[in-house]
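Q: Take a look at the following structure, please.
The values are calculated or read from the model by the stated rules, or taken from the named source; none is laboratory data. Note that the structure is predicted; figures quoted are calculated from it, not measured. For neighbour counting, all protein chains shown are included, and Cβ atoms are generated from backbone atoms with ideal geometry for every residue, glycine included.
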Amino acid sequence: MKCKRLANYTLLISFILALNGVFEASASNETEFCSASQPIDQQCGKYAYNILKPLLTYLKYLQTKVNDNNIDTLIKTNEHLNEELINLKNTLKEKNELLDAFKSNMTDLKESNSNLEKLQAQTATDVKNIEIFLKNHISNSEKCEMERRNETELLSKLENSVQELIIKSNKINELQGQINKLQDQITNDAKKATTEQIPKANSCKALAGGEHEIQVPGLKPFEVLCSGDHPVGKGWIIIQQRINGQEDFERNWNSYRDGFGYFWGDFYLGLTKIHHITHSQRYELYIYMEKFNTEWFAARYDNFRVGSEADLFELQTLGNYTWTNIDNDKMRYQEHMKFTTYDQDNDKWMDGNCAKDVRSGGWWYNNCAT
């Protein structure tokens, strides 16, 4: 609308200006006319001025108004154009920013595309490697499956063999049991035949060193330790041995009566056995003692005999005395003494029990002297 109004104004101004030109031309012609008519010269000029003055004034007014309207319109248009320019600049700035972002994104996309191409190439290589691996794996799996089948067959055969071996082993054990029974029967028959034919030994005289079974009147057969490679010589029945200190000899009456310890270490044969042995025939007593520095001495009595439990295992007799490395018949002081333990006081000490209060272990104490 503003542009159309400006066009109207322009036409109007042009018309007025054109009219002004006519007037000017008319005035000019009039002047020329008046100049030709010199007598009415002054009257012509005044007349023309008076006629044109209002019109010229109005024209000037119109021209000023048109100029003012044009200036306002131009200012408004300029302001509008400035606003549009600012908007365009902002838009252009945004477009430039978008363009920069687009360029950056394009760079990133190019880089990503390059990386993607590299990744595709690597993936293709990996796929080929995987295909090769799978082919090899399938081949190996087939081999493994074949080996597994072979192992299964072998295991099955092995299990069958084991079952057969178990059956055979059971048969062998059964036969071995029968053989053992036959051997035991043969051994028992042989022992029985030997026992019936050869009487039991009643001493160690004819026996080698070591453990042997003998039998004396009044007792069933029992084990004894016979002397072997020993300073006392062979053929002796060892009734007491103290060599390693592992056996406690401070024991009660029943222990000394029945015996205790082991033949391979410290032991006491037992008073009941000693009684029956010494009453079966004449026996000698040989006492052998050795110190830690290898110094040793021995005492020997040629008629050693011990009474029964009813006699409190009295040391009934010793016989004659001989010695080696020392001449001290200490054992003679115990002859005819009853045996004493810490729970069976048979000594002659009136103030107490020698085995319990003074000495350690059972013995034929007289008055606590040994």
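Q: Could you please give the count of residues in segment 266-297 that are farther than 10 Å from GLN240 by Cα and either of a type in the set (Asp, Glu) or assigned to a loop (DSSP other than H, G, I, E, B) (or both)?
A: Filtering segment 266-297 for residues farther than 10 Å from GLN240 by Cα gives 271-286, 288-297.
When the remaining residues are screened for being either of a type in the set (Asp, Glu) or assigned to a loop (DSSP other than H, G, I, E, B) (or both), the result is 281-282, 284, 290-295.
Here the count works out to 9.
Q: Still on this structure, please answer the following. Between residues in segment 338-363 that are closer than 19 Å to THR272 by Cα and part of a loop (DSSP other than H, G, I, E, B) and residues that are basic (Lys, Arg) and at pLDDT below 95, which pairs lie under 6 Å by C-beta distance while being six or more apart or on different chains?
A: From segment 338-363, the pairs are TYR342/LYS356.
Q: Now, a different point. Would you be able to say whether some residue in segment 349-362 is surrounded by 17 or more Cβ atoms within 10 Å (Cβ to Cβ), of a type in the set (Asp, Glu) and more than 60 Å from the chain's Cα centre (by Cα)?
A: Within segment 349-362, not a single residue is surrounded by 17 or more Cβ atoms within 10 Å (Cβ to Cβ), of a type in the set (Asp, Glu) and more than 60 Å from the chain's Cα centre (by Cα).
Q: ARG251 fails exactly one of the following numbered conditions: (1) surrounded by fewer than 18 Cβ atoms within 10 Å (Cβ to Cβ); (2) at pLDDT 95 or above; (3) assigned to a loop (DSSP other than H, G, I, E, B). What is the number of that condition?
A: (1)
Q: Within the bounds of segment 313-331, is there any residue that is polar (S, T, N, Q), more than 30 Å from PRO217 (Cβ to Cβ) and not in a loop (DSSP other than H, G, I, E, B)?
A: Taking segment 313-331 first, the residues polar (S, T, N, Q) are 316-317, 320, 322, 324-325, 328.
Now drop any that are not more than 30 Å from PRO217 (Cβ to Cβ), which leaves 324-325, 328.
Right, trim to not in a loop (DSSP other than H, G, I, E, B) and you get 324.
Yes, segment 313-331 contains at least one residue that is polar (S, T, N, Q), more than 30 Å from PRO217 (Cβ to Cβ) and not in a loop (DSSP other than H, G, I, E, B).
Q: Now, a different point. What are the residues in segment 216-240 that are aromatic (Phe, Trp, Tyr) and either within 14 Å of GLU284 (Cα to Cα) or assigned to a loop (DSSP other than H, G, I, E, B) (or both), if any? It would help to see each step written out before you state the result.
A: Start the filter on segment 216-240 by keeping residues that are aromatic (Phe, Trp, Tyr), which leaves 222, 236.
Answer for segment 216-240, where residues must be aromatic (Phe, Trp, Tyr) and either within 14 Å of GLU284 (Cα to Cα) or assigned to a loop (DSSP other than H, G, I, E, B) (or both): just TRP236.
Q: Looking only at segment 261-317, how many residues end up being more than 22 Å from TYR333 (Cα to Cα), basic (Lys, Arg) and surrounded by 15 or more Cβ atoms within 10 Å (Cβ to Cβ)?
A: 1
Q: Read through the list (1) buried (at least 19 other Cβ atoms within 10 Å of the Cβ); (2) on the phi > 0 side of the Ramachandran plot, then give the number of the only condition that GLY233 fails.
A: (1)
Q: Being closer than 23 Å to LYS273 by Cα, hydrophobic (A, V, I, L, M, F, W, C) and touching a strand residue (DSSP E or B) at 6+ places or on another chain (Cβ under 8 Å) is the filter here; which residues of segment 287-311 pass it? If you could, list the steps in order and put the result at the bottom.
A: To start, the set of residues in segment 287-311 that are closer than 23 Å to LYS273 by Cα comprises 287-289, 299-311.
From what is left, the residues that are hydrophobic (A, V, I, L, M, F, W, C) are 287, 289, 299, 304, 306, 310.
Hits for segment 287-311 are ILE287, MET289, ALA299, PHE304, VAL306.
Q: Another one. Of the residues PHE260, PHE222, which is of a type in the set (Phe, Trp, Tyr), in contact with a Phe, Trp or Tyr (Cβ under 7 Å, 6 or more places away or on another chain), farther than 29 Å from ASN325 by Cβ and modelled with pLDDT of 95 or more?
A: Working: PHE222 fails: in contact with a Phe, Trp or Tyr (Cβ under 7 Å, 6 or more places away or on another chain).
Exactly one residue qualifies, and that residue is PHE260.
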